[in-house]
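*Asks:* Below are the structure tokens for one structure; questions will follow.
The values are calculated or read from the model by the stated rules, or taken from the named source; none is laboratory data. All figures in this text were calculated on a predicted structure; none of them were measured in a lab. All Cβ positions, glycine included, derive from the backbone under ideal geometry; neighbour counts span all protein chains shown. For the accessible areas, the whole protein counts, side chains as well, though only heavy atoms, and no ligand, DNA or RNA atoms are used. Shrake-Rupley method; radii C 1.70, N 1.55, O 1.52, S 1.80 Å.
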Amino acid sequence: MSTIPADQPWHQTLKWEQGVFLIALLLGGILRFVGLDLHPLSDTEARVALQAYALAQGQSVPDWVGQPGYLIPTAVAFFLVGAHEATARFWPAVWGLLVIILPWLLRNRLGRPLAIFLALGLALDAGLVATSRLAAADSLALLGVMGFITFFWRGEWYLAGVALALGVLSGPSFWVGILILLLTWWLWRWVNGSWQNGLTLDPQKREEGHSVSWKKVGLAFLVTLVAVGSGLGAFWRGLGAAATGLAEFLHGWSSEGVSLGLMGMGLIIYQPLGWFLALLQWLRGWRRMPALAQVATLWLGIGLLVLVVYPGRQISHLVWLLVPVWMLAASTLAQTIEHLAQTDWIKQVVVAAGYFTLVGYLWMNIEGFVPGNLMPQWVWVRWLAILGVILLGIAIGLVVSWTWGLHVARQGLFLGGFVFLSFLTFSATWQAAGLGRAPSAQVWGPQPYPAEADLLVKTLGDVSEWTTGRRDAIDIRVVGVDSPALRWTLRHFNNAQFVPVLTPMETPSVIITPETAMPGVSALYRGQDFVWRETPSWSLFLPGEWLSWIIYRKAPLQRQGVIVWVRTDRFPQVLSLASP
């Protein structure tokens, strides 16, 4: 590790760097691990978690999903501590946390301030946090690819091979990321003239490029692929599942995924601070941008193009675009902090506080246009208030420029906007993590959302206890409901069966049907409906509802329910009459 001279400014000292990095790691851990069991698994999550649950119980799983890197560690976790929502999401949260550490490993190449700011961005980004809280291997894919780049750049060939193997085991998202980065590398090589230039990113360090030891990379890759992909020989099907991940990626070219509009919302609305800083970097112009920002710009452009043309795109694939956004943002902050350190901080704070207050007042007036807040007689007043804020902001800038200098006005405006957008970004991250009040109205996170899964389980447990004395022993037939999330919810009910139709004269204690169906012997049953799937009706949004969603995450919801039918002789009053 290189030493830092004693006369370096405060923002380049080791104590400052280590403190900020530890704060980033702590915040990233809190956002990724707190409340992992707060929400039930969605259909997509449950589809994978059910296979891990079957493996933990020693059952045969004939058709593995293409995510053995998730299935095997999660099966071990289920076996050791039990199958719960928190255990199903534990390893993705760990992988997401490890991604934050990677910039710190490159601090001597990227520059220490830039590495710290990049770690902060990765720790607090809404999309990366939400992906780390899903029972899937998308965060492992990101860790594998970014870990490979990190260790390859550092010349640690064995670790690079290990990271690459973990990425291959993560499933189709890995191949989306590899495609984006290979095209980016090819374009950067064309721009800079050679692959070494693309590797070092710094023209002054081109002679420092390492001689690549592909044998070491390949050996570590094969050993890790076989060891982890087979679960140390316990699950040899896992190696075939790695190929399934590639097949699922290829199948995505002929299947329909998420709409481009929804992808755009997930990319832009949740990262206001990142895009603000990236825009400032682009305003510097291509030639004045550092090499890392140039690579990030190419990466972002190629990634956008790939996801536009790839029909099977998913919201989680946006993680491959969020990393370059924060690379650009970190580059802007690293350049800006040098100028901020050379200016009177008292003046900067005073100007920043003024602009922060103005932006906050502007935001409050925008909130006034949300349906429910808007009163017709106040519309013109709010427009006048918005105009007044803009004019007052211009006036403050002119006065500060005249008295304290243009640089103080610009830096105060930057700081005020930075702090305000930081609050918005953290709020978006909190919502995307499912820690807010509207988990079903998010673009990121488990979708469709099983809204009343906990209530359904409690109701079935109560009926089972009335009837059998145990909360998991009642006989249940699920008729015509194809939902992996419901299978996961009922996993502890030993007598639950999923059937297409009931056999004639079959009268189980409990029947679960779609909300539009009822058992043929309905006279013997009483039914209660439960909201099962809850999704925003994006296509039905009105302009005012879009504003309400952007500010409050409130949205008109489309609900799909199930009905729980309980045989009348299973209710407490009937049981008490029947007992001697």
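*Asks:* Could you grab the pairs with beta carbons closer than 6 Å, sequence gap of 6+ or different chains, first residue in the range 274-298 and free of Cβ contacts under 8 Å to residues at least 40 places away in the same chain, second one open to solvent by 20 Å² or more (accessible area, probe 1.4 Å) and part of a helix (DSSP H, G or I)?
*Replies:* Correct list of pairs: empty, since none qualify.
*Asks:* Another question about this same structure. Which of the following residues is of a type outside the set (F, W, Y) and either in contact with a strand residue (DSSP E or B) (Cβ under 9 Å, 6 or more places away or on another chain) or touching a residue at least 12 places away in the same chain (Cβ under 8 Å) (or both): L415, L391? Explain how you work it out, then say what you get.
*Replies:* Details: L391 fails: either in contact with a strand residue (DSSP E or B) (Cβ under 9 Å, 6 or more places away or on another chain) or touching a residue at least 12 places away in the same chain (Cβ under 8 Å) (or both).
Exactly one of L415, L391 is of a type outside the set (F, W, Y) and either in contact with a strand residue (DSSP E or B) (Cβ under 9 Å, 6 or more places away or on another chain) or touching a residue at least 12 places away in the same chain (Cβ under 8 Å) (or both), namely L415.
*Asks:* Can you find a residue in the range 334-346 that is open to solvent by 60 Å² or more (accessible area, probe 1.4 Å), under 31 Å from the mean Cα position of the chain (by Cα) and not hydroxyl-bearing (S, T, Y)? Can you show your working first?
*Replies:* Initial filter on the range 334-346 (open to solvent by 60 Å² or more (accessible area, probe 1.4 Å)): 338-339, 342, 344-346.
From the residues that got through so far, the ones that are under 31 Å from the mean Cα position of the chain (by Cα) too are none.
No, the conditions are met nowhere in the range 334-346.
*Asks:* Working only within the range 410-439, note down all residues that are more than 14 Å from the chain's Cα centre (by Cα) and open to solvent by less than 10 Å² (accessible area, probe 1.4 Å).
*Replies:* G412, G416
Residue by residue, here is whether (1) free of Cβ contacts under 8 Å to residues at least 40 places away in the same chain; (2) surrounded by 16 or more Cβ atoms within 10 Å (Cβ to Cβ); (3) part of a helix (DSSP H, G or I) holds:
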{"position": "I30", "(1), (2), (3)": "yes, no, yes"}
{"position": "L38", "(1), (2), (3)": "no, no, no"}
{"position": "R47", "(1), (2), (3)": "no, yes, yes"}
{"position": "Q51", "(1), (2), (3)": "yes, yes, yes"}
{"position": "V61", "(1), (2), (3)": "no, yes, no"}
{"position": "I72", "(1), (2), (3)": "no, yes, yes"}
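*Asks:* Let me ask something additional. Identify, please: which residue in the range 298-314 is under 19 Å from the mean Cα position of the chain (by Cα) and open to solvent by 20 Å² or more (accessible area, probe 1.4 Å) and is, among those, modelled with the highest pLDDT?
*Replies:* Only one residue fits best here, namely L304.
*Asks:* Still on this structure: With respect to W378, determine if the residue is open to solvent by 90 Å² or more (accessible area, probe 1.4 Å), farther than 29 Å from G127 by Cα and among the aromatic types (F, W, Y). Before you say what the answer is, go through the steps one by one.
*Replies:* Details: open to solvent by 90 Å² or more (accessible area, probe 1.4 Å): yes; farther than 29 Å from G127 by Cα: yes; among the aromatic types (F, W, Y): yes.
Spelling it out, W378 is indeed open to solvent by 90 Å² or more (accessible area, probe 1.4 Å), farther than 29 Å from G127 by Cα and among the aromatic types (F, W, Y).
*Asks:* Residues of the range 99-116 being of a type in the set (F, W, Y) and open to solvent by less than 30 Å² (accessible area, probe 1.4 Å), which ones? Outline the logic, then answer.
*Replies:* Let us first name the residues in the range 99-116 that are of a type in the set (F, W, Y), namely 104.
The answer is none; no residue qualifies.
*Asks:* Related question: When residues of the range 353-371 are filtered for being in contact (Cβ under 8 Å) with a residue 24 or more places away in the chain, part of a helix (DSSP H, G or I) and within 29 Å of the chain's Cα centre (by Cα), how many remain?
*Replies:* Residues meeting the conditions: 6.
*Asks:* OK, next. If you scan the range 220-262, which residues turn out to be open to solvent by 40 Å² or more (accessible area, probe 1.4 Å) and within 24 Å of the chain's Cα centre (by Cα)?
*Replies:* Correct list: T244, L246, A247, E248, L250, H251, W253, E256, S259, L260, G261.
*Asks:* Which one of these is touching a residue at least 12 places away in the same chain (Cβ under 8 Å) and in contact with a Pro (Cβ under 6 Å, 6 or more places away or on another chain): A496, A485?
*Replies:* Values: A496 fails: in contact with a Pro (Cβ under 6 Å, 6 or more places away or on another chain).
The unique qualifying residue is A485.
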